[in-house]
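What follows is one structure encoded as structure tokens, with my remarks underneath.
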Amino acid sequence: MREKFKFISILFIAIMAIIFITGCNSESGSGTADDTGTDSGTETESENTDDGGVSIGIVLPTKDEPRWVQDEARFKAALEDSEYTTEILFSQGSSAKEKENVETLISQGIDVLIIAPHDGAAAGASVEAAKEEGITVISYDRLVTDTDAVDYYVTFDSVAVGEAQGQYLVDNAEGSNVPLYLYTGASSDNNAFLFFEGAWNVLQPKIADGTFVIANSSEAEALKDKAELTRDEMGKILGQVTTNWDPNEAKNKAQTNLTAAGEDLKGNVAILAPNDGTARAIADVFATDGGITDYVVTGQDAEIASIQYIIDGKQSMTVFKDVRTLVEDSMGMAVDILDGNEPETTGSYDNGNIEVPAKQTEVIVVEQDNVQAELIDSGYYEASEFTGLE
Ligand code: BGC
């Protein structure tokens, strides 16, 4: 009888032990699924996500442009010593993917969302979803428009970017009636308007005084006597000369423009190209046109390939936007928010719905003469990344 009782007791303990062990396993199994069960895919980069939750979610527009890959690299460098967990997701030029990314980050429990929208207005729905969960939203470089669900904006001085581009063309124009080719960024990006506004501020008086003659936009031609354009007026010009931030589209447009241009619109020309990717594509087209004697072409972002073009004399200038500062500012803001402090701002931007408190960073013009000082000596790039640098 005692033996039987002993046996039953051992059996009972064994069964309890098995139940306990199985229970533990299934629990840790579901825990693991929760930790990693997000749609990470190939565009996901995680940092310090070992505790399962993410504090700061970062959404960037596309991996296909070196500009945003640069931002990712600078974020990663800045995050190395961070005590907060972060995740960087890319939207690959799709508002639907962007929304999915924001939803993923919301499900990971983020407290702060840093987002550079693919399409400023379309991103409104995503940030509103984040806001509803009590998440603080920081618009990064590109403003999310037409919503009240943006708390802060960290940006470069984008009007100054356009002004620097326009000023470069003015400073390098020789004589009068210099054909001026205009190209812009995507109309879905608020920055494209700010860049063009800045360029127009400087170029319009020089169109009016006959230094330049507009070569490729009847809409700009019709507005050439207006110093200040409304958004709708700019929209008409952008509709005609947009590159959509796509080098291929820029190349096709440049080819079409040069095919249509008569002799009077060739020779020495000035080209307003909105950024480096489109500048290289447009420059390649102008460089191989028999009717073009010489060209001056602008850019922005200081992409490695464009710095090489500048060293080689194929692109005239770029506007250097030190991404390290933007990353530092946005991360600083995020940490302030997480620590319960009020982030410092220096002004505000109207996003069509509210005035968004903003922190703004200045920009630097880079041409052949100051590549070394601004980009190499400052530690932004290594001299070994280029050929032909002394
Ligand atoms: C950014 C530029 C970039 C462009 C295309 C703009 O919003 O400010 O730096 O070249 O988008 O991605």
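The values are calculated or read from the model by the stated rules, or taken from the named source; none is laboratory data. Every value quoted in this text rests on a predicted model; they were computed, and no experiment measured them. Positions of Cβ are generated from backbone atoms using ideal geometry, with glycine treated the same way; all protein chains shown enter the neighbour counts. Protein only, heavy atoms only, side chains kept; ligands, DNA and RNA dropped before computing areas. Shrake-Rupley method; radii C 1.70, N 1.55, O 1.52, S 1.80 Å.
Using a probe radius of 1.4 angstrom, the carbon and sulfur fraction of the accessible surface of the range 251-375 is 44%.
A simple rule links phi to the HN-Hα coupling: the Karplus curve 6.51 cos²θ - 1.76 cosθ + 1.60 with θ = phi - 60°, which for the range 244-250 gives 6, 6, 10, x, 5, 5, 4 Hz, with x for Gly and Pro. With the radius of gyration and the Kirkwood radius both derived from the Cα set of the chain, what is their ratio Rg to Rh? With Rg and the Kirkwood Rh in hand, the quotient comes to 1.15.
How far is helix 323-338 tilted off the main Cα axis of the chain, in degrees rounded to 10, range 0 to 90? That works out to roughly 40 degrees. Qualifying GluC sites (Glu not before Pro) in the range 120-188, where qualification requires a DSSP coil assignment and no more than 15 other C-beta atoms within 10 Å, comprise Glu133, Glu174. Taking every alpha-carbon pair under 8 Å whose residues sit at least 6 apart, the range 221-342 reaches a relative contact order of 19 percent. Against the chain, whose longest principal axis is taken from its Cα atoms, helix 276-287 shows a tilt of about 30°. Simple spin-label estimate for Asp350 and Thr288 gives 4.5 nm between the two label positions (7 Å along the Cα-to-Cβ direction from each Cα). The residues neighbouring Ile292, those whose beta-carbon lies less than 14 Å from its own, together hold a net charge of -3 under the Lys/Arg +1, Asp/Glu -1 convention. Straightening the chain between Glu100 and Lys224 buys 40.4 nm, computed as 0.36 nm per residue apart minus the Cα-Cα spacing. Beta-bridge orientation, the chain: approximately 25 percent antiparallel, per DSSP, counting only bridges with both partners inside.
Relative to the dominant Cα principal axis of the chain, helix 158-171 is inclined by about 30°. Packing, as the average of other Cβ atoms within 10 Å across residues, places the peptides 229-235, 243-249, 326-332, 365-371 in the order 326-332, 243-249, 365-371, 229-235, highest first. Using the Cβ of Asp246 as centre and a radius below 11 Å, the other residues enclosed give a net charge of -1, where K and R count +1 and D and E count -1.
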